[in-house]
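S.K.: Take a look at the following structure, please.
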Amino acid sequence: MTSRLSTMPGIGLAKGMVVTFKTMVKTIFLPKKYLNTVNYPVVKETPVPRARGVIALDQEACTVCMLCARNCPDWCIYIEGHKEEKQPDKPGGRIKVRATLDRFDIDYALCMYCGICVEVCPFDALFWSPDYEYSEQAMGKMMHDMDRLQDWLTTVPPPPET
């Protein structure tokens, strides 16, 4: 059995206005420290230590194995490298071949921040940095090269103690 009040036109609007009025009164008289929002350009929020902000690269640890680029579901990682021969340490030794990184770019306009690249890197060359201020005015500038990714390595917090 439905009441006549619930079938009257505009009753949903009135209920919504009551909820809006209660919320408005609560936020007016609530102390500022309990509000969930911050005035972003003026007040910068401090992220938690292991926050996912941007991916940082350690160029020395990267061996150009391409695992991160192959496992990326968005194909937003671009890697190029070449092999260099290193002379043996002892006479009569074998010549060593080492891959050298030429290009490592991440297109953050395509990246969905899933972290698969960080997880699959066997040499710990990729890390999450909590830095979140890297936006650009133009979409084309969201492609960050390996030097910019290397700069973010300084903001990576130390791993948690186990």
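S.K.: So what is the diffusion coefficient of region 12-80 in µm² per second by Stokes-Einstein at 20 °C and 1.002 mPa s, using a Kirkwood Rh over Cα pairs?
M.R.: 121
S.K.: Another question, if that's okay. Please report the relative contact order for the chain, taking Cα pairs under 8 Å with a sequence separation of at least 6, and give it as a percent rounded to a whole number.
M.R.: 27
S.K.: What ranking do 105-112, 129-136 get when scored by the average of other Cβ atoms within 10 Å per residue, highest first?
M.R.: Highest-to-lowest ranking by the protection proxy: 105-112, 129-136.
S.K.: Divide by every residue of the chain the summed helix terms, -39500 (n - 2.57) for each DSSP H run of at least 4, and state the resulting mean residue ellipticity at 222 nm, rounded to the nearest 500 deg cm²/dmol.
M.R.: -6000 deg cm²/dmol
S.K.: Right, next: Helix 11-29 against the longest principal axis of the chain: what's the angle in degrees, Cα atoms only, rounded to the nearest 10?
M.R.: 70
S.K.: 5 Å is the cut-off here: which amide hydrogens, built 1.01 Å from N in the peptide plane, fall below it relative to Ala125, excluding neighbours closer than 5 in sequence?
M.R.: Excluding prolines and chain starts, which carry no amide H, there are no hits.
S.K.: Just one of (1) 262; (2) 111; (3) 130 is volume of the Cα convex hull per residue in Å³ calculated from these coordinates, so which is it?
M.R.: The listed entry that was calculated here is (1).
Since every read-out is calculated from the coordinates, none of them should be taken as a lab result. Here the structure is a predicted model, which is why all the values come from computation and not from measurement. Backbone-built Cβ (ideal geometry, glycine too); neighbour counts: all protein chains shown.
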